[in-house]
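The values are calculated or read from the model by the stated rules, or taken from the named source; none is laboratory data. Remember, it's a predicted structure, so these values are computed and weren't measured experimentally. Using ideal geometry, Cβ is built from the backbone for each residue, glycine included, and neighbour counts are taken over all protein chains shown. With ligands, DNA and RNA removed, areas are computed over all heavy atoms of the protein, side chains included. Shrake-Rupley method; radii C 1.70, N 1.55, O 1.52, S 1.80 Å.
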Amino acid sequence: EQPVNIVAMQIALHGPSVSKDTKSTYAADVFSYVLSQKNSAFQKNLVESGLCQQASLGYGTLDHTGPIGIYAFTTADKYQEAKAAVFAEIAKFTDPDYISADQIEYAKTQLEIEQLYAQESPSAFVHMVGFWWAVTGSLDYYLTYVDKLKAINRKDIDEYVSKYIQEQPYVMGIMLSPEARKQLSL
């Protein structure tokens, strides 16, 4: 409980490890990027519908377990409906029409551009190289990132989602005001 004017939900899951399931780390990056776009079904069904003020899915690339976080911010009066909608979206992630081939290609292109742009700034480049060296113990992941990313397809994304998100153990946390907790009988 906090004195906040919103109900914040976070669903946390264990994601792929760089050393144990490298291919899924690239699929996680592409999938997360697709869902962050305003034209994604995820954004349309959760944010544009008015159920949530904000919704996102993110993945943090790490060596042992990359955390996956699904976040949704709503109001107390829409909490139950928003929570149900988030889980309904998760169930649809592997539906054939949930994300398009164009969305996947766009995400890969934008991630490549971000990678190249980060190399333009010496300070950003040093931090990026240091991060990948610390996470993987070598620079191979970083040096081959764009090529491996470009090879990702819908099947790879579906495998990642099935293995790490859908019907997987998770922890859910909710931050809300004392008044919202009483209103929701939590």
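For the stretch 1-19 versus the stretch 118-186, the inter-centroid distance based on Cα atoms is 13 Å. Qualifying GluC sites (Glu not before Pro) in the stretch 118-178, where qualification requires a DSSP coil assignment and no more than 14 other C-beta atoms within 10 Å, comprise Glu120, Glu167.
Taken per residue, the accessible surface of the chain reaches 54 Å², heavy atoms only and a 1.4 Å probe.
Please report, as a whole percent, how much of the solvent-accessible surface of the stretch 139-186 comes from carbon and sulfur atoms (probe radius 1.4 Å). It is 55 percent, rounded to a whole number.
Mean projected area of the convex hull spanned by the Cα atoms of the stretch 78-186, taken over all viewing directions: 10.4 nm². Separation of the alpha carbons by more than 24 angstrom is noted, of Lys38/Lys163; Lys44/Lys92; Lys38/Lys150; Lys83/Lys155, for Lys38/Lys163; Lys83/Lys155. Estimated at the nearest 10 Å², the accessible area of Asp102 is 120 Å² with a 1.4 Å probe. Neighbours of Thr74 by Cβ distance under 9 Å: Lys/Arg scored +1, Asp/Glu scored -1, total 0. Give the residue list of GluC sites (Glu not before Pro) in the stretch 1-110 that are DSSP loop and have at most 16 other beta-carbon atoms within 10 angstrom. Here the sparse-neighbourhood loop sites are Glu1. With each label modelled as a point 7 angstrom along the Cα→C-beta vector, the Gln119-Tyr106 pair spans 2.5 nm.
Residue-wise HN-Hα couplings along the stretch 98-109, as the Karplus relation 6.51 cos²θ - 1.76 cosθ + 1.60 with θ = phi - 60° gives them from phi, are 5, 10, 9, 4, 5, 5, 5, 5, 4, 4, 4, 5 Hz; Gly and Pro carry x.
Neighbours of Glu48 by Cβ distance under 15 Å: Lys/Arg scored +1, Asp/Glu scored -1, total +1.
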